[in-house]
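Some notes on the structure that comes next.
The values are calculated or read from the model by the stated rules, or taken from the named source; none is laboratory data. As the structure is a computational prediction, the values presented were derived from the model and not from experiment. Cβ atoms come from the backbone with ideal geometry, glycine included; neighbour counts cover every protein chain shown.
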Amino acid sequence: MVTQEQVLEALKECFDPEIPVNVVDLGLIYGVEVSPEEKVKVTMTLTTPGCGMAHNIAMQVKQRALQVPGVKEATVTVVWEPAWNPSRMSDAAKKQLGMPG
């Protein structure tokens with residue numbers, strides 16, 4: 001059975017090309033649901049609504065989720081509420097970007 005933790009770990013390999021921190025540590029992943037049929041639904045946001053890479057990042061997340069062993073289907077929904085802000089970042093991401101933890 002595919003777990004939420006497996007999917008989140010895989011998504012740590014996805015990056016916003018403008019920020020050298022993965023989408024999980026940036027706090028862009030709002031939710032991961034795994035159905036009993038091993039279909040994955042990822043809800044995520046981006047740092048700004050006008051992000052020109054929105055489609056590419058969402059596709060990267062979908063492709064990486066599909067690579068998790070056992071995942072049969074993956075969908076990614078990009079939402080803008082609640083709006084992303086730096087407080088969503090992990091302490092490791094803040095440190096990597098030179099921000100106070």
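Please verify whether residue 92 is surrounded by fewer than 18 Cβ atoms within 10 Å (Cβ to Cβ) and in contact with an Asp or Glu (Cβ under 8 Å, 6 or more places away or on another chain), treating the condition exactly as stated.
Against the criterion (surrounded by fewer than 18 Cβ atoms within 10 Å (Cβ to Cβ) and in contact with an Asp or Glu (Cβ under 8 Å, 6 or more places away or on another chain)), residue 92 qualifies.
Taking the range 1-19 on its own, how many of its residues are hydrophobic (A, V, I, L, M, F, W, C), farther than 16 Å from residue 57 by Cα and either surrounded by fewer than 13 Cβ atoms within 10 Å (Cβ to Cβ) or free of Cβ contacts under 8 Å to residues at least 60 places away in the same chain (or both)?
Selection size over the range 1-19: 1.
Which one of the conditions (1) under 16 Å from the mean Cα position of the chain (by Cα); (2) modelled with pLDDT of 95 or more; (3) not basic (Lys, Arg) does residue 54 fail to meet, given that it meets all the rest?
(2)
For the range 52-78, which positions are assigned to a helix (DSSP H, G or I) and either of a type in the set (Val, Ile, Thr) or surrounded by 14 or more Cβ atoms within 10 Å (Cβ to Cβ) (or both)?
54, 57, 58, 60, 61, 62, 64, 65
Which condition number in (1) out of contact with any Phe, Trp or Tyr (no Cβ under 6 Å at 6 or more places or on another chain); (2) surrounded by 14 or more Cβ atoms within 10 Å (Cβ to Cβ); (3) not small (Gly, Ala, Ser) is the one that residue 22 fails?
Answer for residue 22: the failing condition is (1).
What number of residues within the range 25-51 satisfy the criterion of being free of Cβ contacts under 8 Å to residues at least 40 places away in the same chain and either part of a loop (DSSP other than H, G, I, E, B) or surrounded by fewer than 19 Cβ atoms within 10 Å (Cβ to Cβ) (or both)? Walk me through how you get there before you give the answer.
To start, the set of residues in the range 25-51 that are free of Cβ contacts under 8 Å to residues at least 40 places away in the same chain comprises 29, 31-51.
Within this subset, residues satisfying the condition of being either part of a loop (DSSP other than H, G, I, E, B) or surrounded by fewer than 19 Cβ atoms within 10 Å (Cβ to Cβ) (or both) are 31, 33, 35-39, 41, 43, 45-51.
Result for the range 25-51: 16.
Report, by residue number, each residue of the range 28-62 that is closer than 21 Å to residue 83 by Cβ and among the hydrophobic types (A, V, I, L, M, F, W, C).
Matches in the range 28-62: 28, 29, 32, 42, 44, 46, 51, 53, 54, 57, 58, 61.
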